[in-house]
Structures are given as C-alpha cells and as structure tokens.
Amino acid sequence: MRNNTKQIYVGDVPVGGTSPITVQSMTNTITSDIKSTVEQILRLESYGCDISRSAINSIDDALAIPEIKKNTHIPIIADIQFDYRLALEAVKNGADCLRINPGNIGSKDRVKEVVNCCKEYNTPIRIGVNSGSIHQKFIDKYKGVNSDSLVYSCLDQVEYLESLGFTNMKLALKSSDVNMTIESYKKIAKLTDYPLHVGITEAGPKSTGIIKSSVGIGSLLSQGIGDTIRVSLTAPPEEEVIVGREILKSLKLRTEGINIISCPTCSRTKIDLIRIVELAEKKLKSINKNLTVAVMGCVVNGPGEAKEADIGITGGNGEGLIFKKGKIIKKVPEEELLNELLKEIEKM
C-alpha cells in the first residue's frame, strides 16, 4: 500500500496522493545557456523524465527560465543555494517549484520573504536536507549525523514554514549512506503526510550509483514510501531517468515502455546473445508500448521460462525462434532475429 500523502502540483504534474510516482533529473548545463539547457531537457523528456531541475546560480540563470519553459514541455524546478534573492527571481520568472534548504538561505526574515513570494505565485517548495546540511543543534542533540538528526532538522524547517501559513511543500532527506537514508524516510513518513522526494545523494559513478539507488529507492518504494524520485549518478542526466524508470517498472509502479527480460547465457547458448540484447535495448528504448519482451539464449529459457512474455526470441544453432505468449510463430536465421522481432512488435 502506498503511503497516504498530500498532493501538490509542480507545474501541471501532480506529486503525492494517488498520482503516479514521477521521475526527475537535473541539468548540468549553465542554465543561462538557454540553447544547451533546452536541448538537455528535451533529451530528458525523450527518455521519459517527468520533472527537470536546474541550478540557479545567477540572476541571468533566473531570467532564462521563461525562455527555457517556452521551448520545453515538463516542469522546471529552480535549485537555490545560499542566495535568497535568486529564489525570489526564479519564482517571479516562472519556476514551477523551488528546491531550497532553508537553513542555508539566511535569516528567518529572508526565508519569510521567499515563502511570501511562493504564496503569491502559488509555487511549491521542496525542502531538501542532506547529511551535510543538518543544523548543528540537531547534530549536538542526537549525537552526530544520523537518521534522527536528519529527520528533526527537516521537521524544524517544516514547522517554521507552517508557522508562516505555508503548506505547499514536499520533503527530501538524503544521505550517501543507504541505510541512513532508508531509516530517515521511514521515520519521517510516520511523522508527516507531506509528499516525499526519494533518492540517495552523491551515489557515485554509474555502476556503483545504480546499485545504491536501486537498493535505497527500491526498498522505500516497496514499503509504499516515496512520491517522486531522482537517481543521482555521476553520469549523463538521461542515465538517471533510464534507471529511475526501470526501478519503477521493476516494482510495477509504472508500466510505460518495453520491459526486457533476458537470460545470463551458458554453454547452451549458440547465438551472440549479449550483442543481440545490447542492440535490442537500444532499439526498444524509444518504443512506448507496455510490453514484456524476452530475449533468450536457448529453448530451455524461452519460450518455456519466458512463456509469460508478450513476445520474445530464443536462440538455436545460428538461428532462432520468435514466440508470442509461449507459442512459436516463426523460425528465422540469427542475423534476422532482431529485425523480425522489431517488425512483430510494431504490429502489436
């Protein structure tokens, strides 16, 4: 069962409540370089990104938001660090959400000014706290950086915004420590019903980051915790979207796009299965059909073990079979297997 959270809107995308769990990523361009930023967001869109985020490091970055929005199709979150004036300019220029850590924005008066601006423009705020930005008083109180100091540092900021009459927010408590992140989200999910943005911060290079993010994000989602996710990788941003969508698909929380299943190969495999799977993955990424496609090395695994797949191929000695729902429909030479599979998928 999914946790019952409030629903807010980031642009026209609902977050929380019963709305689909969304996938986010963050641009790595200079935001004021409008051409590069737009190109990157459009690329993220093509991979199924629901919400984008961009760092606002200057007034020029904030002033670029209207033109970026005019040429893209998904909401844009303005990521603000330290300078409250940039938050004000981002909201006034149409940011669909602010990502701030109120603790580093400055005095309470400055936070209040940002909140009042967000009220006026009906702009939600994502309060982001990570293990490197916990207020010292909570580190002292809870004896270090841990799930308690993370949770209560976040709630302290939530309570201040609530005292200003502001509740249009979502929360994030991230650590590079997977266990601490899981524990933190489990605790805060019992203490508040604000929607939760889930991720493992600074997860690392692609291979390591995918593992940490899959374990951390997947564990929380499987317990009903999480309304929007970002996979943080030291890799091109679209890789984050690909992994995020696969995490959701693996838990059947989103179903858009092809789900590929394939066997690990063994001595029974007589076709170049690894190459075929790599090519299939590239060619099927752009097909937005809710299908499970099996790519198997021998008749033991397919269509036997893969009989529940909508369609699939299985290898023989230099040739292969194409099957649908476990029933063989044709035999083709190995070099034609993938093209024939794609043709059959197009018909479906």
Computed about the Cα centre, the charge dipole of the chain from +1 Lys/Arg and -1 Asp/Glu charges at the Cβ has a magnitude in debye, to the nearest 20, of 820
Output ordering of 223-229, 275-281 (per-residue mean of other Cβ within 10 Å, highest first) is 223-229, 275-281
Taking placed amide H atoms and a strict 5 Å upper bound, the residues 5 or more places from residue 260 or on another chain that come that close are 293
Too long for a 19 Å Cα-Cα cut-off, among 206/270; 6/170; 112/170; 282/324, are 206/270; 282/324
Phi angles of the range 143-153, converted by Karplus (6.51 cos²θ - 1.76 cosθ + 1.60, θ = phi - 60°) into ³J(HN,Hα) in whole Hz with x for Gly and Pro, give 6, x, 7, 7, 4, 5, 5, 5, 4, 7, 5
If each part is reduced to its alpha-carbon centroid, the range 1-61 and the range 304-348 end up apart, in Å, by 37
For 113, 334, the accessible-area ranking with a 1.4 Å probe, largest leading, is 113, 334
Rounded to the nearest 10 Å², the accessible area of residue 202 using a 1.4 Å probe with every protein chain kept is 140
Averaged per residue, the 1.4 Å probe accessible area of the range 197-327, protein heavy atoms only, in Å², is roughly 45
Of the accessible area of the chain, computed with a 1.4 Å probe and all protein chains kept, carbon and sulfur make up a percent value of 49
To the nearest Å², the heavy-atom accessible area per residue of the range 112-174 with 1.4 Å probe amounts to 42
Between the alpha carbon centres of the range 76-107 and the range 257-291 the gap in Å comes to 43
Protection proxy (average C-beta count within 10 Å per residue), highest first, orders 128-134, 207-213 as 128-134, 207-213
Ranking 73, 197, 135 from most to least accessible area with a 1.4 Å probe gives 73, 135, 197
Looking only at aspartates and glutamates whose Cα falls under 12 Å of residue 70's and that sit 8 or more positions away or on another chain, we get none
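The values are calculated or read from the model by the stated rules, or taken from the named source; none is laboratory data. On a predicted model such as this, the values are computed, not experimentally measured, just so you know. Because the Cβ atoms are built from the backbone with ideal geometry, glycine has one as well, and the counts that use them run over all protein chains shown. Accessible surface is based on the protein model in full, side chains and every heavy atom, while ligands, DNA and RNA are left aside. Shrake-Rupley method; radii C 1.70, N 1.55, O 1.52, S 1.80 Å.
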